[in-house]
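One structure is given here, and the rest of the page talks about it.
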């Protein structure tokens, strides 16, 4: 009997059958999210031919310059999901407040938080970008959803996923039972299961961090990076490779495929912002995916998924990837905070740093 490929829709229905009392509502929601990602993939794939490259001439609530595709992708997520009857409200990086489904008759029992186009600054140079999403349950009895109803810790996520728009489009998804990758067959028009049970190796010799921020890093991060850069002759006794794409989706996808470490740690660049990445629609969904694949995700001082959100656009430090490296960095933070290490003053990170010469 010939091998039969499993589509994303078939996979979701199969998962639904594991729960005898499932109504199919959650399955329907995931199919609408899948459709939104397909539509964004088409627009991104057209590039300049679609007239959607370049800046939009506006800024989002964080004050960041919006690209045309940021605005368009956000609109695609809203329009695709609004009328399915599965969602009560949606929250996005590109919107100050949640978008409440206008028709009360169409309001469902789920909340969707998303970054419609992560890494959009890379669009004009044709580097991989992606969409990130997180699904939460709307609290029982809520008929008028608001910001406070989204403020649930990451442990409450029902599912998380991302789509990466690169040489191929892939949708990576976790329903809390492992991580699975689906590749878009553009001829067939469907996502096909190509990467079942994705796992992150516990050890790695590859890390990703923006070294232009080195002068603002905390001592534990400086210590870790110095040890990696020192290579075989340093305390780790091994050579490391460094990567930086400036697209969280692309960074995490690489880690899921071959292992690695991604860091956007706390720094002193802007004291008002303890981290760079947003908790609700970037850090939490990616942390759930990484943990479900056997990795770890930390702020440096605790598990990301246990952070209690205080605001819709709250930022947090992010360190995620291969478990043993994340745990090492957490240990460095504890030693620093408890005064168990000597003040970190390696010549490598003084004024004539390896990264600033």
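Are there strands (runs of 3 or more DSSP E) fully within region 225-330 with at least 3 residues that are at pLDDT 95 or above and within 25 Å of residue 37 (Cβ to Cβ)? List them.
Filter on region 225-330 gives 318-321.
Out of 166, 181, 187, which single residue is assigned by TED's automatic domain parsing to the domain that holds residue 110 and modelled with pLDDT of 95 or more?
181
On the basis of being assigned to a loop (DSSP other than H, G, I, E, B), at pLDDT below 95 and on the phi < 0 side of the Ramachandran plot, does residue 204 make the cut?
No; evaluated as a whole, the condition is false for this residue.
Which pairs do you get when a residue that is not assigned by TED's automatic domain parsing to the domain that holds residue 249 and buried (at least 24 other Cβ atoms within 10 Å of the Cβ), found in region 278-299, comes within reach of a residue that is part of a strand (DSSP E or B) and modelled with pLDDT of 95 or more, reach meaning Cβ atoms under 6 angstrom, with the pair 6+ apart or on two chains?
Qualifying pairs under 6 Å: none.
Restricting to region 100-132, what's the tally of residues that are closer than 25 Å to residue 67 by Cα and assigned to a helix (DSSP H, G or I)?
Result for region 100-132: 6.
The values are calculated or read from the model by the stated rules, or taken from the named source; none is laboratory data. Quick caveat: nothing in here was measured; it's all calculated off a predicted structure. FYI the Cβ positions are ideal-geometry reconstructions off the backbone, even for glycines, and counts take in every protein chain you see.
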